[in-house]
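Colleague: Below you'll find the structure I mean.
The values are calculated or read from the model by the stated rules, or taken from the named source; none is laboratory data. Just so we're clear, the structure is a prediction, and the values are computed from it rather than from any experiment. Backbone-built Cβ (ideal geometry, glycine too); neighbour counts: all protein chains shown. Protein only, heavy atoms only, side chains kept; ligands, DNA and RNA dropped before computing areas. Shrake-Rupley method; radii C 1.70, N 1.55, O 1.52, S 1.80 Å.
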Amino acid sequence: MPQRRSHVAPSAAQTELAAALAALRRSLEAPMEFPPEVLAEAEAARAAEPDLDLCDVPFATLDPAGSRDLDQAFHLERDGSGYIVRYAIADVPGFVTPGGAVDTEARRRGQTLYAADGRIPLHPAVLSEDRASLLPGVDRPALVWTFSLDAEGAVSEFRLERALIRSRVQLDYESTQASLDRGEDGPASLLAEIGALRIDQERRRGGASLNLPDEEVARAEDGAYDIERASPLPVEEWNAQLSLMTGMAAASLMIDAGVGILRTMPRPDDDAFETFRHQTEALGRPWTSGDYGEYLRGLDRTDPLALPVLQAAAALFRGAGYVTFDGEAPRDAIQAAIAAPYAHATAPLRRLVDRWVLAICLAVSTGREIPSWARESLDQLPALMQESGQRASRLDAATVNAVEAALLVPLVGIEVDATVIELRGERASVQIADPAVTATAPVPADAKPGDVVRLRVIRADIANGEVEFAI
């Protein structure tokens, strides 16, 4: 299925959509505005004293264009036949007072939410977009991971330290990919090389990456909303490998210390694998050998049937959660998709749990006492993160549903082509190419995954995010 840019033009439907999205955001228990006492405390917050000065290291950040909440910065260099990777993370633990107003509000929010009409941030902008953000050209406190990698990209040793850094440049994905494609030198010159080695390490572990196309609701200059779908660029996957490497290092530190919080996911059972295998056969892209991670990595992303296969594979990536421990590491500590123990440790400006992970890891790495506030509140985190995760999922799904309904309003009474992704009894998950809409619809009795069916749009309800089709 071709990836299209679908647009809801200014109209009565667009006006109704804007109202529906605003109502959706207001329904969440996480307002965009912060209480006065939270803003006052954030304004007065000062960073913890760094242990060393790394301002001479030319760090760089890599994020979507226009980002202000910059959690990570990197510096890559050769070291003989191997590499040194420095990965700096915003020092949010150094700014937030445990038990204070900012901490209390962050626990209530759990994570930054991304609404179509604006972000609902975890922290006030004075921290998330200014003092704690690793913006270029200014000194910033950071928690810096330093990794030694061998010639095959395997980690031989690592450490975590609190340091002062200065990022030299703020890179974005598209221009960085273009620069790498042209063979230009720059701060990301080694990213493709190291990223490819880390992907190979993932393969050796038996890990798997889904890499579904991003689905984002965007707003144009004229105020109209649309849905943009795009597969991740290679540079995004290489950059993600640095974050995964850091999360695995954090997990190993906490497991060795016997205290921490891990992000876990069970391995799919045999029935799930068998179901997926049948789906790949029905789509004409059979999984016949190797593990599922190797099969997914080998898919041709330009193949029109790759997207239905990836969407079917999403069922294998379920059941993720958080597990805390103090005294003994959990017996089942594996994040199955990564095929290793793993922790969230690289996005403290946007995700609550990372602050705990970083505080514990810093103490363990530097031989200090684990902060009592982190240890005493560990068991609260899974519920807090589950609640915020459910809120984010509801927001994402309801937003996409409302925009998709608005896209289909002009087509009510008209027939459209749709590709069958997954059969669900007498109905199926289908993908319409233009406008780009994923929906559930009735399909002919003999329809199979991969078939293109003809559907008539009979209803599009923007306020409730509902669409209805007939064969």
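Colleague: Pick out the long, greasy-scoring helices in the chain: whole DSSP H runs spanning 24 Å or more along their own axis by Cα, mean Kyte-Doolittle at least -1.0.
Modeller: Qualifying helices: 234-257, 381-408.
Colleague: What whole-number value in Å² describes the accessible area per residue of the range 107-154 for a 1.4 Å probe?
Modeller: Per residue, the range 107-154 has 28 Å² of solvent-accessible surface.
Colleague: Can you tell which of 87, 98, 113 lies farthest toward the positive end of the dipole of the range 83-221, using +1 and -1 charges on the Cβ of basic and acidic side chains (Lys, Arg; Asp, Glu)?
Modeller: 98
Colleague: Then there is this: For residue 25, what accessible surface area do you get with a 1.4 Å probe? Give it in Å², rounded to 10.
Modeller: Looks like 60 Å² after rounding.
Colleague: If Lys and Arg each add +1 and Asp and Glu each add -1, what is the summed charge of the other residues whose beta carbon sits under 14 Å from the beta carbon of residue 202?
Modeller: 0
Colleague: I would also like to ask the following. Students often get this wrong, so try it: which of (i) 151; (ii) 181; (iii) 141 is volume of the Cα convex hull per residue in Å³ as calculated from the structure shown?
Modeller: This structure yields the entry labelled (i).
Colleague: Keeping the other protein chains in place, figure out the carbon and sulfur percent of the accessible area of the range 387-439, with a 1.4 Å probe.
Modeller: On the range 387-439, the fraction of accessible area on carbon and sulfur atoms equals 48 percent.
Colleague: Let me ask something else. Find out how many positive minus negative residues lie around residue 358, taking Lys and Arg as positive, Asp and Glu as negative, among other residues whose Cβ is under 12 Å from that of residue 358.
Modeller: Neighbour charge sum, excluding residue 358 itself: -1.
Colleague: Sticking with this one: Where does each of 466, 237, 174 land when they are ordered by accessible area, with a 1.4 Å probe and the largest first?
Modeller: 174, 466, 237
Colleague: May I ask you to compute the full-extension gain from residue 189 to residue 464, defined as 0.36 nm times their residue separation minus their alpha-carbon distance, rounded to one decimal in nm?
Modeller: Taking 0.36 nm per residue and subtracting the Cα distance, the gain is 94.3 nm.
Colleague: Based on alpha-carbon centroids, what's the gap between the range 247-317 and the range 404-449 in Å, whole number please?
Modeller: If we compute the Cα centre of each part, the gap is 25 Å.
Colleague: Per residue, how large is the accessible surface of the range 377-471? Use a 1.4 angstrom probe and give square angstrom.
Modeller: 45
Colleague: Turning to a different aspect of this structure: If you plug each phi of the range 86-98 into the Karplus form 6.51 cos²θ - 1.76 cosθ + 1.60 with θ = phi - 60°, what whole-Hz ³J(HN,Hα) values come out, in order, with x for Gly and Pro?
Modeller: 9, 10, 8, 10, 3, 7, 5, x, x, 9, 9, 7, x
Colleague: Under unit Cβ charges (Lys, Arg +1; Asp, Glu -1), what dipole magnitude, rounded to 20 debye, does the range 27-83 have relative to its Cα centre?
Modeller: Roughly 260 debye for the range 27-83.
Colleague: Using a 1.4 Å probe on the protein chains only, how many percent of the accessible area of the range 287-380 belongs to carbon and sulfur?
Modeller: Looking at the range 287-380 in its full context, I get 46 percent from C and S.
Colleague: Residue separation times 0.36 nm, minus the C-alpha to C-alpha distance between residue 281 and residue 368: what's the value?
Modeller: 25.9 nm
Colleague: Please give the charge dipole size of the range 395-471, origin at the Cα centre, charges +1 on K and R Cβ atoms and -1 on D and E Cβ atoms. Round to the nearest 20 debye.
Modeller: Around 120 debye, computed over the range 395-471.
Colleague: Let me ask you something else. Heavy atoms only, probe 1.4 angstrom, no DNA, RNA or ligands counted: give me 361, 55 ranked by accessible area, highest first.
Modeller: 55, 361
Colleague: Given a 1.4 Å probe and heavy atoms of the protein chains only, how would you sort 438, 112, 15, largest accessible area at the top?
Modeller: 15, 438, 112
Colleague: Given 0.36 nm per residue, what is the gain on full extension from residue 423 to residue 228 after removing their alpha carbon distance, in nm?
Modeller: Net length gain for the segment: 67.7 nm.
Colleague: With +1 on each Lys and Arg Cβ and -1 on each Asp and Glu Cβ, how big is the dipole of the range 333-471 about its Cα centre, in debye rounded to the nearest 20?
Modeller: 440
Colleague: Quickly work out the residue 454-to-residue 267 label distance, labels modelled 7 Å from Cα along the C-beta direction, and quote it in nm with one decimal.
Modeller: Going from the residue 267 label point to the residue 454 one covers 4.8 nm.
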